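Here is the structure we will look at, set down as structure tokens.
The values are calculated or read from the model by the stated rules, or taken from the named source; none is laboratory data. What you see is a predicted model; the values in this text were computed from it and never measured. Note that we place each Cβ from the backbone using ideal geometry, even for glycine, and neighbour counts take in every protein chain shown. With ligands, DNA and RNA removed, areas are computed over all heavy atoms of the protein, side chains included. Shrake-Rupley method; radii C 1.70, N 1.55, O 1.52, S 1.80 Å.
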Amino acid sequence: DQVNREVDAALKAIRNAQRGSKTTPAEFRAPFSEIAAAFIADRQRDARSRLTDQTVSQSEAVFRLFRDHTSDAPLTLADAKTAASFFDKVKRLGRNWGRSPETKKRPLDELLALSADSKDERLSTRTLNRYVSSLSGLWDWAQKRGEVAGSNPFASHWTEARSEEHTS
């Protein structure tokens, strides 16, 4: 199946080149993890606007979860359905999923299985909105660099906090 997708993508690229197109097919663009790493590096280059270590760590965690969700597909392939299914998944994580060093090495599906067996509360709205912010910011940054086009598939996932909700 993977081989067929790669062959189809290569044929598409050849046809586009024959027609004079210089656009790289989405399937051959940089994987999500490379774009996310470049985004964080760019945000850290200026000491005056540098992200805190905690913000970098939190963003890296969100990016790792999304990378796992998409099997590190190019960001340009992300759409509203991909974003919605990702947020539907992470809403099922326990609020303490990232506190242990061991969990930071586990894939998303394993974290979801552990959370399903847990009695912990789920992620707070505040945390989910931080995930939205990280991915939305990455999309906007990548769009300015021509890596992605179109509307931001993450931007519509902001959630209003309930007053009785605890924050994490």
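Quick look at the values:
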| quantity | calculated |
| --- | --- |
| Average accessible surface area per residue within the range 121-161, 1.4 Å rolling probe, Å² | 50 |
| Those lysines that a straight Cα-Cα span of less than 30 Å connects to residue 91, excepting residues fewer than 8 apart in one chain | 81, 104, 105, 119, 144 |
| Kirkwood-type radius of the range 34-92, with distances r between different C-alpha atoms, in Å | 12.6 |
| Residues with amide H under 5 Å from that of residue 122, placed H, sequence gap 5 or more | 95 |
| Most to least accessible of 85, 124 (protein chains only, probe 1.4 Å) | 85, 124 |
| Loop-resident sites, the range 33-137, for GluC sites (Glu not before Pro), counting at most 11 other Cβ within 10 Å (DSSP) | 102 |
| Tensor-based shape of the range 89-161 (alpha-carbon gyration tensor, a/c under 1.5 rounded, otherwise prolate or oblate) | prolate |
| Karplus-derived HN-Hα couplings along the range 40-47 (A = 6.51, B = -1.76, C = 1.60, θ = phi - 60°), whole Hz, x at Gly and Pro | 5, 4, 5, 5, 9, 5, 9, 4 |
| Separation of the residue 48 and residue 99 label points, Cα + 7 Å toward Cβ, nm | 3.9 |
| Farthest toward positive dipole pole in the range 85-142 [+1 Lys/Arg, -1 Asp/Glu at C-beta], among 128, 85, 113 | 128 |
